[in-house]
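> Below are the structure tokens for one structure; questions will follow.
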Amino acid sequence: MLTYIIRRLINAVITLLVVTAVTFAVFFMVPKLTGSDPALLYIGKTSDPAAIQGIRVKMGLNDPIPVQYGKFLKGLVVGRDYDNGPDVTHCPAPCLGYSFKTEQAVTPLLLNDLPVTFSLALGAAILWLIMGVLTGVISALRRGTILDRAVMTGALAGVSLPVYFTGLLSSAVFVYWLGWLPEGNYVPINQNPGEWFVQLLLPWITLAFLFAATYARLTRANMLETLGEDYVRTARAKGLPERVVIGKHALRSGLTPIVTIFGLDLGALLGGAILTENVFNLRGLGWQALSAIKGNDLPVILGVTLIAAFFIVFANLVVDLVYGLIDPRVRLG
Amino acid sequence: MSIGTTNARPFLDIKDLTVRFETDDGIVQAVTESSFSLEKGKTLGIVGESGSGKSVTSLAVLGLHRTRSNAKVSGEIWLDDDELVTATDEQVRKLRGGKMAMIFQDPLSAMHPYFTVGAQIVEAYRVHHPGVNKKVARERAIDMLDRVGIPQPSRRFSDYAHQFSGGMRQRAMIAMALINDPALLIADEPTTALDVTVQAQILDLIRDLQEEFGSGVIMITHDLGVVAELADDVLVMYGGKVIEKGPALDVFQNPQHPYTWGLLGSMPRLDRDVRERLTPVKGTPPSLINLPSGCAFHPRCPFAGRNGERSYTEVPLLRGGTHSVACHLPPEERTKIFQQEILPIL
């Protein structure tokens, strides 16, 4: 088990390294190749050459590419100093550079957005896991009935309808038409938990609907497959009551694949739910990402990308470790 | 001998068992009006090709068809004084794993991959002994593992199925099936997935345990060698029907049905020249959705219609007699064909 964990950890670190290299290349080398100068993006096109040169030196844009990447990595791990002779700017680890637009440090900017994204993702995850798995299992056990067909039709709708449709529709109905929920404005949980909950309810449901649909279909398919397994027949042949056969033997293996997909989905969402956040005006990472893309703010885009990548890799790692715990064949293999 | 006795009801008595499945493609006539019986301590071998209805018969006895809503079962299955076709799900469940148990073909897929072998055996014991605490059940399971010949049973108790070898897994399956001293043990091709050397060990084990427990055993197989070794009586099934049944020795020495001849002819034998070719039964097993009319074997039967008999009319079903056969050929004709044409090539 220990070697398994270590192997997974090394894998995760290597993956992250590759991700930083690729994102670095995309965000700092590509502009150069296409002729746009990052220094100009910082300071504005009309500035005098001396100032541009100053920025180049300060940001290290004149260094060879590998050196720049090395400094970038160093900044991520221990922080870095942007040194321009008398004018030293310290950027503490993990340093993601400065926004082109606001000249704010990217790291605190994004850290500020994290609670919003976390609130949205975790709440929605709990909701869709319960909804999806429950309906999936019921659907599998009642295969071919009207209930099954109704659930699967709903799930198909959930998979096919984009968030900007369901989100706007549910806003229109519950906020503006029925008036059950207040017009959205995110309130931090430590300020007012009740308000936080009410404000996030609609985004949660909208986001969860999308995922719950996928999970219902997946759970149903897994359960149906498992119910046809020989070991489920064995469990019945032993004379176990049907609730034990389903609840213990079938669920145990039917839900195992859900763990993987859940971890990965949650990991991906922690990097920002771009559509949902923008539809509901939640200023999280996804919202930040979209406005950075619109404003061509490369350091922020890079920062969001790296954070998203980090969460996905981390989620992968957790899933692998959890899998080792729940599947004895992985543990010993 | 149990077959055909009319006075006291045999321990397991199956009458006119019919199993059909309604599918989108049509009705699958898996078993048609099959009747047979078994006494305690005896072994009945059921042989036939894939799709001949032998496995479905056993699943129907255990009531495992009940979770499939498209299964229709009629006839009578008497286990002592219980009639299982009309019994409630709960009544059958209580007998299942207790009074009647089953060993499956592929022990790896028949064991749950996420639970230890020991836990699965304990579960089988405790479901029929609700008052027994875990420690006692565990000791009982370890004792059972020991009896089926698993070395270091208390250590192997906590292993998973994938950590066992094929033979050990089948031993563990047998331990699980026998832990409640079942009066009826159904073994569905228990040796098919195993090495030849291990096959012999498992068969020996089943025989020894049968002597010890006095269970009635139904051995489902397509391996005639297994039947010859273990069975007291033999049932040959084809297209969901019993086409020949009788005492094993009798059926082997004096087989009556052309299909049985075909089975015997396709069996490799050590006392024959290895270069000699086996004689297969020509053609393929019939589709159970669209069975041939009359004798289901007639499209493949080399002797059908030879004497102008009407192979496409229904063959009378087998009910009584010690050694009986469902065939249109007149008995004297069959004896003649067997003596002159079949015996020389067997």
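Only the coordinates and a few stated rules stand behind these numbers; no lab work does. Small disclaimer: the values here were computed from a predicted structure and weren't measured. Reconstructed Cβ throughout: ideal geometry from the backbone, glycine too, with neighbour counts over all protein chains shown.
> Sorted from fewest to most neighbouring beta carbons within 10 Å, what does the list A:T34, B:T88, A:T305 look like?
Ordered by Cβ neighbours within 10 Å, fewest first: A:T34, B:T88, A:T305.
> Length gain on complete extension for the stretch B:K336 to B:S266, per 0.36 nm per residue less the alpha carbon to alpha carbon distance? Working shown, then result.
Details: separation 70, 0.36 × 70 = 25.20 nm, distance 2.07 nm.
Going from the current span to full extension adds 23.1 nm.
> Rg to Rh ratio, chain A, alpha-carbon atoms and Kirkwood radius?
Taking Rg over the Kirkwood Rh, I get 1.07.
> OK, next. What is the stretch B:1-98's relative contact order, in percent, from Cα pairs under 8 angstrom and six or more apart in sequence?
32
> Same structure again: First select every other residue whose beta carbon is under 9 angstrom from the beta carbon of B:A248; then total the charges, Lys and Arg +1, Asp and Glu -1.
Computed value for this residue: -3.
> I've got another one for you. Give me the Debye-computed log₁₀ of I(q)/I(0) at q = 0.11, 0.15, 0.17, 0.18 Å⁻¹ for the stretch A:58-175, equal point scatterers on Cα only, no solvent, two decimals.
Listed by q, the Debye log ratios stand at -0.66, -0.82, -0.92, -0.99.
> State, to one decimal in nm, how far the label point of B:T86 lies from the label point of A:R149, with both points 7 Å from Cα in the Cβ direction.
Computed distance between label sites B:T86 and A:R149 equals 3.6 nm.
> Roughly what % antiparallel, to the nearest 5, for the DSSP beta bridges in the protein assembly as shown?
65
> Can you tell me which of A:T89, A:T20, A:T135 moves the most in a GNM of chain A? Springs connect C-alpha atoms under 10 Å apart.
A:T89
> Mind pulling the angle between the C-alpha long axis of helix B:166-178 and the longest principal axis of chain B? Nearest 10 degrees, somewhere in 0 to 90.
Computed tilt is about 80 degrees.
> 222 nm [θ] for chain B, helices only, -39500 (n - 2.57) per DSSP H run of 4+, per residue, to 500?
-9000 deg cm²/dmol
> Follow-up question, since we're still on this one. What GluC sites (Glu not before Pro) does the stretch B:192-296 have in DSSP loop regions with at most 15 other beta carbons within 10 Å?
Of the GluC sites (Glu not before Pro), the ones in loops of the stretch B:192-296 whose Cβ has at most 15 other Cβ atoms within 10 Å are B:E276.
> Once you put a point 7 Å from the Cα of A:R329 and another 7 Å from the Cα of A:V88, both along the Cβ direction, what distance in nm separates them?
Reported label-point gap for A:R329 and A:V88 is 5.9 nm.
> Would you work out the relative contact order for chain B, in percent, from Cα pairs under 8 angstrom that are 6 or more residues apart?
21
> Suppose every K and R has +1 on its Cβ and every D and E has -1 on its Cβ; what is the size of the dipole of the protein assembly as shown about the Cα centre, in Debye to the nearest 20?
Once rounded to the nearest 20, the dipole reads 800 debye.
> Counting only GluC sites (Glu not before Pro) that are in a DSSP loop and have at most 14 other C-beta atoms within 10 Å, tell me the longest site-free stretch of chain A.
Working: sites that count: A:E103, A:E183.
Counting at most 14 other Cβ atoms within 10 Å as exposed, the longest clean stretch of chain A is A:184-333.
> Another question, then. Which Cα, out of B:V196, B:G216, B:L346, lies furthest along the positive dipole direction of chain B (beta carbon charges, K/R +1, D/E -1)?
With unit charges placed on the Cβ atoms, the residue in question is B:V196.
> Can you pull the percent of Cα pairs in the stretch A:234-333 with separation above 18 Å? Numbers along the way, then the final one.
Numbers: 3093 of 4950 pairs.
Every Cα pair in the stretch A:234-333 considered, those over 18 Å come to 62 percent.
> Now a separate question. Cα to Cα, under 21 Å, and not fewer than 8 places away if on the same chain: which lysines meet these conditions relative to A:K101?
A:K32, A:K45, A:K58, A:K294
> Please compute the net charge surrounding B:I142, taking Lys and Arg as +1 and Asp and Glu as -1 over other residues with Cβ under 15 Å from its Cβ. Could you put the intermediate results ahead of the total?
On the way: positive: B:R126, B:K134, B:K135, B:R138, B:R140, B:R147, B:R155, B:R156, B:R171; negative: B:E123, B:E139, B:D143, B:D146, B:D159.
Taking every Cβ under 15 Å from that of B:I142, the sum is +4.
> Under a Cβ-Cβ cut-off of 11 Å, what is the net charge of the residues other than B:K42 that fall near it, where Lys and Arg count +1 and Asp and Glu count -1?
The answer is -2.
> While we're looking at this one, here's another question. Connecting C-alpha atoms closer than 10 Å in a GNM of chain B, tell me which of B:G51, B:G246, B:G131 has the biggest fluctuation.
Comparing B:G51, B:G246, B:G131 in the GNM, the peak value goes to B:G131.
> Using alpha carbons only, how many degrees (0 to 90, rounded to 10) separate the axis of helix B:196-213 from the longest principal axis of chain B?
Value to nearest ten degrees: 70.
> Can you spot the lysines whose alpha carbon is less than 27 Å from B:K42's alpha carbon? Ignore those fewer than 8 places along the same chain.
List returned: A:K238, B:K15, B:K54, B:K94, B:K99, B:K241, B:K245.
> Moving to a separate point now. Over its Cα atoms, what ratio of radius of gyration to 2.2 N^0.38 Å does the protein assembly as shown give?
Details: Rg = 35.5 Å, N = 679, 2.2 N^0.38 = 26.2 Å.
For the protein assembly as shown, the normalised Cα radius of gyration is 1.35.
> Hey, what number do you get for chain A at 222 nm if only DSSP H runs of n ≥ 4 count, each worth -39500 (n - 2.57), divided across all residues, to the nearest 500?
Here the helix-only value at 222 nm equals -22500 deg cm²/dmol.
> Computed on alpha carbon atoms, what radius of gyration and Dmax characterise the stretch B:117-268, expressed in Å?
In order Rg, Dmax, the Cα atoms of the stretch B:117-268 give 17.7, 55 Å.
> Kindly rank A:230-241, B:193-204 from highest to lowest mean number of other beta carbons found within 10 Å of each residue.
For the peptides A:230-241, B:193-204, the packing ranking is A:230-241, B:193-204.
> Taking every DSSP beta bridge with both residues inside chain B, roughly what % is antiparallel (nearest 5)?
Around 60 percent of the beta bridges assigned by DSSP in chain B are antiparallel ones.
> Here's something else I'd like to know. Please enumerate, by chain and number, the aspartates and glutamates with C-alpha under 15 Å from the C-alpha of A:K71, excluding those fewer than 8 residues away in the same chain.
A:D63, A:D81, A:D83
> Still on this structure: So for chain A, averaging the separation of alpha carbon pairs under 8 Å that are six or more residues apart and normalising by length, what relative contact order in percent results? Mind dumping the intermediate values first?
Working: 417 pairs, mean separation 73.1, N = 333.
After rounding, I find 22 percent.
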